[in-house]
Every structure is written in C-alpha cells, then in structure tokens.
1. For the pair A207/R231, report the inter-label distance in nm, with labels modelled 7 Å from Cα in the Cβ direction.
2. Once a ≥ b ≥ c are taken as the square roots of the eigenvalues of the Cα gyration tensor of the stretch 27-102, is the result rounded (a/c under 1.5), prolate (a/b larger than b/c) or oblate (a/b not larger than b/c)?
3. For the Cα atoms of the chain, what angle does the longest principal axis make with the long axis of helix 178-190, in degrees from 0 to 90, nearest 10?
4. Taking every DSSP beta bridge that has both residues in the chain, what percent is antiparallel when rounded to the nearest 5?
5. Calculated from the structure, Rg and Dmax of the Cα atoms in Å equals which of (1) 28.7, 92; (2) 21.9, 67; (3) 24.3, 81?
6. Shape of the stretch 305-421 from its Cα gyration tensor (a ≥ b ≥ c, root eigenvalues): rounded if a/c is under 1.5, otherwise prolate when a/b > b/c, or oblate?
7. Per residue Cα convex hull volume for the stretch 1-151, in cubic angstrom?
8. Given charges of +1 on the Cβ of Lys and Arg and -1 on the Cβ of Asp and Glu, with all other atoms neutral, how large is the dipole of the stretch 291-447 about its Cα centre, in debye to the nearest 20?
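We did not get these values from a lab; they are worked out from the coordinates using the rules stated. Just so we're clear, the structure is a prediction, and the values are computed from it rather than from any experiment. Don't worry about glycine lacking a Cβ; one is built from the backbone with ideal geometry, like all the others, and counts go over all protein chains shown.
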Amino acid sequence: MRFQFLEDSKILSQKEKELYRQIIRIDEKNLDVYAMSEGILQQSLLNLSALLAKHYGRQVILLIDEYDVPLDKAFQYGYYDEMVSLVRNLFGNVLKTNPNLYFAVLTGCLRVSKESIFTGLNNFKVLTITDVRFDEYFGFTDADVRGILEYYGLMQKYDAVRSWYDGYQFGKVDIYCPWDVISYCDKLCSDPNAQPEDYWSNTSGNAIVRRFIDKANLQTRSEIEQLIEGREIIKEIHPELTYNELDANIENLWSVLFTTGYLTQRGEIENGRFHLAIPNREIRNLFIRQIREWFKESVGNDRRKLDNLCEAFLKKDAELIEELLGEYLWNTISIRDTAVFESKKENFYHGILLDLLGYRNDWLIKSNAESGNGYSDILIEAPSKRIGIVIEVKYAENGDMDTACIKAIKQIEEKQYTARLQEDGMRTIIRYGIACYKKECRVMVEG
C-alpha cells in the first residue's frame, strides 16, 4: 500500500498497473481483508520488485526481517506444512533468479541455509551469532552504551545497565541488547529513579522457554539449575535445525535457546561444543518466572497431595510436612542463586511455600506481613477453624538444619509475630520453623 504511486506511474503500462492493483485489492465485503488469491500472493514480492525496478530504472533491495516468525507461529498452532509451502513459494519466487533484485537481507533465529523453505536457493551468505564478521553490529558494544549514558547524564546507572542487559557474545564481541538499553534510558530520562525491568518479554512470547521446561528430564533440570545459579554448561550447538526437528530430541532445544538469545556462549571448545550461560539478570528473571508458572501448574494437578500438605500444617504434623515438602523440592527446578546472601536464598523456599499453600482458597495468606516487632515470612489464617499459623523460613548455609529451625522458632517468639493473628481473632496459634538446605528441609513446630 505504500507504493500506490505506481498506479500513476508514467513508465508502467496499464497491464502492469493492473498487476499492482491485484496485489492491493481489498475485499469489498470486508475492508480489512486483502482479496488476492494465494497464487497472486505467492507472486506478489516478485511482481512488486519488477514494477519498482521498472519505475525507478534500477534494481531493488529486499529486506525481510524475522523471516521465521510465521513458521514459528505455524509450528505452535498446527499448520506448519501449509505455511512452509506458502513461504517457500513467496520467498523462492522473489529470491531465485530474479533479475530485478540487487540483493536481499533476511534475519531470523533459525539458520536460513537448511530451513526447508530455502532448499532451492544456494547462494546465501549466512552470518550467525558465532561468526566474527559484523559481530559488533548485532547490538550495542560497551563503548556504545557508555556513550549513550554519558550523553544523557546517566553514567551512575552504568552498573545496573550492564548487570541487566549486557552479557551476549556475538563472534568475539561483548554485546548489550539494544532494545533494553534504549527502553531503560528512555524511562530514566523521565524518571531518574526508575529501576531496571524486563523489556524482553514485551517483544517475545517466550513459548520456547516454557516448551523447554515442560520437556525437561531429570538431567536437563539439573543443567537448568546450574544456569540459574550463574554457572556454565557445555552443549553441542546445531544451528541448522528446522522447526519440525525441535521435538525430536531435548538436546535440540538447547540450540534454539542459544540462537534466540535466551542463552549465550562463553567460548567454543571444539566441533560446535560451547560453554553456555544465561547472559544477564533480565533473562535469568524470565527463566525464573517461567519455572514458577510451570511449578504452580504441575503441583496443581495433584490436589490430594496438596490437601494432605495443608492439613498437615493444621494438625501440627511436622514429619508429614517435612516428607511432602521434601518431595516438592526434589521434583522442582531450583531457582536458588548461590552467589547471593543467605537471606536472598531463603526467598526461593519462601516462594515454594507460598505457591503450595496458596492452593487453599479458604485460607488468608500474608507474605512478609508486619506483625509484632517485625515482618513475618508467612502468616496463615484458617477462619473456619480459627487457627493461625506462623512460618519462618531459614536457609541452613552450613547444612545444620536443626539449629536453623531453632533459630526460626526463636525469632517468631522474640519478634512476637503471632500478634497479628491474635488481633484477627485466631484462637489457636501454631508456630513453624522451617530450615532448608539445597533440596533438603527440616520442620519444627510449637503451639
């Protein structure tokens, strides 16, 4: 539609103008729908390039951004073969032996040379994220980011920008995500106190991460945990995968996570085997959100087990709580960060408990609520039984979970965390000290 001047071109013939009108023809009954046939659509880019080349007297340049997004959507929703056929003809017609084409540039996550839609094209120059050529142009370099921050007087935010949005390696160059840097700087210009946030999720459905987590076996879960902890894993990367090969092997999904930017390389070993890592805080947080959503859905499928856990809290059955909570810890993907302080490590277990206990819609649950002389980890009110529960979670850094439990119970008493429950009319108060270490837990109860 941006080329409607072709209808008034003094160079094109009436038949050529009619050819253009076929491309932009609108359905008279539905003005939001183009009325071209599939045959016209398949020839549309080829014909448009010919019309423009004749009008301007020079060959055209064709830019196709994210060529594989239609294939991705089609793969997710079950019409992949039909989309491959359409795109193969659409792109094949315009890219192969087209005398009106000067050159074309395609971008996408999957390598173009093997994807089945390009089987008839063999003159591609493929540049991947591991290639050195043009590596500094795939995003912002550190010098670029420093220049941007200095220009806007935001250099005091450099460490935050680097922690959240740096970490990608293209070829041999360290790269920041440009969209994130621009978005955060834009926000800082109007709000100097703005905190970094996730801008990636707004530009991607993140379905591949969830697909990966859903299919993860025990070995893969262990490797995901290593990545969340800030460590590296070694994997062989297969850049020439097609979408219909993704589910053939769980190992294939590592390659997709790498090529789509959810993971980055920290150096090649040999023969396509790379050190892989999560690039920055933004992507780590994205993984954590997807894991928590997966955990909530997976535990919700066994209502009887959740009922038993909740009833155990009401009945002061510390042994059963310890057994069931331990099973959940062993079966989930740990999102602990081993590099943070002890209090931060407790957040993982705190979140697990909230996800489990939040299943009861007849309970009132407060997290980090002000009570007594401080803020308790978890307060629970079961109004129908007038039972109140206080839970304090401790991470046993040295593995001494008994001592950590005693410390938790003592903190409940010293800080008078039960005060809020008493004020709300709970007649029976139960106090729990829960200590965790890696995937083990210990439970102590009083009351």
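1. 3.3 nm
2. Oblate, because a/c is 1.5 or more while a/b does not exceed b/c.
3. Computed tilt is about 70 degrees.
4. Bridges in the chain are about 70 percent antiparallel.
5. The value computed from this structure is option (1).
6. It comes out oblate by the Cα gyration axes.
7. Convex hull volume per residue, Cα atoms: 198 Å³.
8. Dipole of the stretch 291-447, to the nearest 20 debye: 200 debye.
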